[in-house]
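First comes the structure, then the notes that go with it.
The values are calculated or read from the model by the stated rules, or taken from the named source; none is laboratory data. A quick note: this is a predicted structure, and the numbers were derived from the prediction, not measured. Every residue, glycine among them, receives a Cβ derived from its backbone with ideal geometry; neighbour counts consider all protein chains shown.
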Amino acid sequence: MIDLGATLELKRAGGYSAPRKDTALLPLVYGDMSLGGSGGLWETVCLDTQAHVYALAGHALRPAEAGNTVTLYDSEGNRIESSAYTLNLAHNFQSRGVIATATFAEDSQSLEPITVRAQGRADEDGGLIANPVEIIRDLLVNLAGAEADDLDQAAFSRAWARAEYLGYAAAGVISKEAALGKLLTAILADFLGSWWLGGNGRLKVFLDLGAGSISESDVAAQLRQGDLSNLSVQAKLADLVNRAPVNFAYNFAAKEYQAYFDGLDTQDLRAQGLYGLAATTLDLAWVRLSPVARTVSQRLVDLLGRPRRIISCRDNSLINLPLEKGDAVLFSLSWLRDTQGRPLKNQIVRVLSLRPDLDSGAITYSLLDSGLYKTLATLADGRSLADGSLEAGGERDRNDY
């Protein structure tokens, strides 16, 4: 089983024959780090002071013939002429493994720190690894030594497809050693994602809880009202976000964000009228593109623009014992109302936490109302009128199951 508390170790300059600084770490680079902001975006590492060799990354970068344009900058932020150095984006330097290097024709210490703009790691087909879920997979399996069986492949596939559908493109640099779990959180959080370990020890990932993030086929069980006790419902105004400006295009060398989205196009004015302005500025270090920043802002406002219900309850049966954190569940409650003012029926909720008490034969749940519900499709057989009284495929299913 994968240990997410383990530290992801980076290659050190001290492993080479004549580095400028033994303790310098060779960075990991993902996504299109040639976009957004200005100047060089991360620092190179001098590996050989005699041959003037600098590491751009501790791995190969996407090949130049695949469209990767590499640009180097000096300490003043000026572009260094490409004639001053030779690039090798897949260099088995000193037979210590493949990295990306730039070799200068003469001593370039006066130019340091030398910074870079370029595209990061590529997959086996030469495509840029930019989907945030694919970055997580590559980081774990190809760099951290995890096995494919350590990942919940179904959860990863759904999250990957969701990221592709939303147009999420991630780009960033890992230049410090950190625990794997913290790295996963840092990357996924920029796309409203999360991770957890399932009961079988496999890693699950999930992107967000907004509309379109779940389907009825994902529903794992049903909590029956007759089996429930100690029910309580909370909706905290403190958790509201109805406007979400975004800082993005982070410069990992200058340690500053170089682009800003004001959140005006994605704010929820109706929610502001009801609850007042609740603005939260997002710092998205792994986002470089304005459309992606806008999408994340919109998703967060859609998710938290109105109070989200947290339901606590005790299930006095062990029918749903196999449920795990993150599972989708059908939930009905006669005294809780839906948006139409009718009893809540077949609402889809997510398991936030669960605490089994096998001695008493009960499980205590904390559930997040997704805002979604099981639908009932209407057959186009002429028996239903297209007069607006029914939603074609979107009507709430009020049947008992």
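Of everything in the range 207-217, what is surrounded by 16 or more Cβ atoms within 10 Å (Cβ to Cβ) and either at pLDDT 85 or above or not hydrophobic (A, V, I, L, M, F, W, C) (or both)? Give them in sequence order. Answer for the range 207-217, where residues must be surrounded by 16 or more Cβ atoms within 10 Å (Cβ to Cβ) and either at pLDDT 85 or above or not hydrophobic (A, V, I, L, M, F, W, C) (or both): D208, G210, S213.
The set of residues in the range 77-87 being in a strand (DSSP E or B), under 18 Å from W42 (Cβ atoms) and touching a residue at least 12 places away in the same chain (Cβ under 8 Å) consists of Y85, L87. Restricted to the range 47-66, and to residues there that are closer than 16 Å to I114 by Cα and in contact (Cβ under 8 Å) with a residue 60 or more places away in the chain, the residue that is surrounded by the fewest Cβ atoms within 10 Å (Cβ to Cβ) is T49. Among the residues of the range 45-69, those identified as closer than 13 Å to T103 by Cα and in contact with a Leu (Cβ under 6 Å, 6 or more places away or on another chain) are V45, V53, A55. Mind checking which residues of the range 9-46 are closer than 24 Å to A146 by Cα, among the hydrophobic types (A, V, I, L, M, F, W, C) and surrounded by fewer than 20 Cβ atoms within 10 Å (Cβ to Cβ)? Once the filter is applied, which keeps residues that are closer than 24 Å to A146 by Cα, among the hydrophobic types (A, V, I, L, M, F, W, C) and surrounded by fewer than 20 Cβ atoms within 10 Å (Cβ to Cβ), the range 9-46 yields L10, L25. The residues on offer are G305, G361, G273, and the sole one that is touching a helix residue (DSSP H, G or I) at 6+ places or on another chain (Cβ under 9 Å) and of a type outside the set (S, T, N, Q) is G305. Answer yes or no: is there a residue in the range 15-35 that is modelled with pLDDT under 95 and farther than 26 Å from N142 by Cβ. For the range 15-35, residues modelled with pLDDT under 95 and farther than 26 Å from N142 by Cβ: present. Across the range 1-41, the qualifying residues are those that are in contact with a Ser or Thr (Cβ under 7 Å, 6 or more places away or on another chain) and of a type in the set (K, R), and the one among them that is nearest to G126 (Cα to Cα) is R12. Assigned to a strand (DSSP E or B), in contact (Cβ under 8 Å) with a residue 12 or more places away in the chain and among the hydroxyl-bearing types (S, T, Y), is that true of T69? Considered against the rule, which asks whether it is assigned to a strand (DSSP E or B), in contact (Cβ under 8 Å) with a residue 12 or more places away in the chain and among the hydroxyl-bearing types (S, T, Y), T69 comes out as no.
Candidates are the residues of the range 233-261 that are among the small types (G, A, S) and at pLDDT 90 or above; the one that is nearest to R288 (Cα to Cα) is A249. Note on the range 1-21: residues that are under 24 Å from Y73 (Cα atoms), in a loop (DSSP other than H, G, I, E, B) and out of contact with any Lys or Arg (no Cβ under 7 Å at 6 or more places or on another chain) amount to 5. For the range 61-78, the criterion of being closer than 30 Å to A6 by Cβ, at pLDDT 95 or above and of a type outside the set (F, W, Y) is satisfied by at least one residue.
Residues L333, L376: which one is modelled with pLDDT of 85 or more and surrounded by 14 or more Cβ atoms within 10 Å (Cβ to Cβ)?
From the options L333, L376, the qualifying one is L333.
Yes or no: T281 in contact with a helix residue (DSSP H, G or I) (Cβ under 6 Å, 6 or more places away or on another chain), hydroxyl-bearing (S, T, Y) and either surrounded by fewer than 20 Cβ atoms within 10 Å (Cβ to Cβ) or more than 17 Å from A169 (Cβ to Cβ) (or both)? Judged against the criteria, T281 is not a match. Within the range 128-150, the residues that satisfy the criterion of being in contact (Cβ under 8 Å) with a residue 60 or more places away in the chain and either surrounded by 21 or more Cβ atoms within 10 Å (Cβ to Cβ) or among the hydrophobic types (A, V, I, L, M, F, W, C) (or both) are L128, I129, A130, P132, V133, I135, I136, L139, L140, L143, A144, A146. Of all positions in the range 351-364, none carries a residue that is at pLDDT below 80, closer than 28 Å to G226 by Cβ and either aliphatic (A, V, I, L, M) or within 30 Å of the chain's Cα centre (by Cα) (or both). Taking each residue of the range 224-240 that is closer than 16 Å to L352 by Cβ and looking for partners that are small (G, A, S) with beta-carbon atoms closer than 7 Å, six or more apart or interchain, yields S232/S312. If only residues of the range 340-352 that are within 19 Å of T364 (Cα to Cα) and hydrophobic (A, V, I, L, M, F, W, C) are counted, the one that is surrounded by the fewest Cβ atoms within 10 Å (Cβ to Cβ) is L352.
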